[in-house]
Amino acid sequence: MHVRTSYTALVAVSALLGSISLAMAPIANANTEADGTKFWGSVQRDDAHIVSYYLTVPPGETATLTLGNGYRLEMRAASSDDANPASSIKVYDKSKQPLHERTQDGQSPMNVSGSYAICSGSVVFISPAPTEAPTCD
């Protein structure tokens with residue numbers, strides 16, 4: 001029997017940021033699908049450093065990228081058990097209020113990309129994720 005760890009993640013930061021963390025609970029399960037939903041893109045908050053992300057989240061699971069100062073990015077992969085399967089990506093502000101949500105219908109595996117610029121509480125979202133990250137300029 002071959003058991004896979006369910007999460008693969010790469011989070012790249014253009015400069016050293018000590019307040020970025022990725023919260024995921026890896027699951028080792030022989031029945032876990034090899035592919036999940038692939039999320040990738042970038043986030044820039046108020047001219048801070050750009051955070052680029054690439055995550056593969058198993059079906060039905062959620063991963064959270066903490067961006068510092070209370071901001072976070074939450075990614076949920078569609079589950080085959082859902083009546084209307086859809087994957088979503090949400091960005092929350094420091095008061096835990098959602099600033100933006102994108103939902104993409106369909107079952108895993110799928111790809112969800114997008115880039116955010118969060119400027120003084122306003123959000124610019126571009127999908128698919130462009131080569132260069134949006135900025136607050």
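The values are calculated or read from the model by the stated rules, or taken from the named source; none is laboratory data. Treat the numbers as computed from the prediction; the structure is a model and nothing was measured. So basically every Cβ, Gly included, is an ideal-geometry build from the backbone, and we count neighbours across all protein chains shown. Quick note on the areas: whole protein, heavy atoms, side chains included, nothing else; ligands and nucleic acids left out. Shrake-Rupley method; radii C 1.70, N 1.55, O 1.52, S 1.80 Å.
Some points to look at:
- Subset tally (residues that are open to solvent by less than 50 Å² (accessible area, probe 1.4 Å) and without any contact (Cβ under 8 Å) to a residue 24 or more places away in the chain) for segment 92-103: 1
- For Pro128, the conditions (1) closer than 20 Å to Asp35 by Cβ; (2) in contact (Cβ under 8 Å) with a residue 40 or more places away in the chain all hold with the exception of (2).
- Just one residue in the set Gly121, Gly106 is more than 15 Å from the chain's Cα centre (by Cα) and either within 16 Å of Ser42 (Cβ to Cβ) or open to solvent by less than 30 Å² (accessible area, probe 1.4 Å) (or both); that residue is Gly106.
- Filter result for Arg76 (closer than 16 Å to Gly36 by Cβ, open to solvent by 50 Å² or more (accessible area, probe 1.4 Å) and under 14 Å from the mean Cα position of the chain (by Cα)): yes
- Residue count for segment 40-51, restricted to those that are open to solvent by 50 Å² or more (accessible area, probe 1.4 Å) and assigned to a strand (DSSP E or B): 1.
- Residue satisfying condition, being of a type outside the set (Lys, Arg), closer than 20 Å to Trp40 by Cβ and at pLDDT below 90, within set Leu67, Leu99: Leu67
- For segment 79-91, residues that are polar (S, T, N, Q) and open to solvent by 30 Å² or more (accessible area, probe 1.4 Å) total 2.
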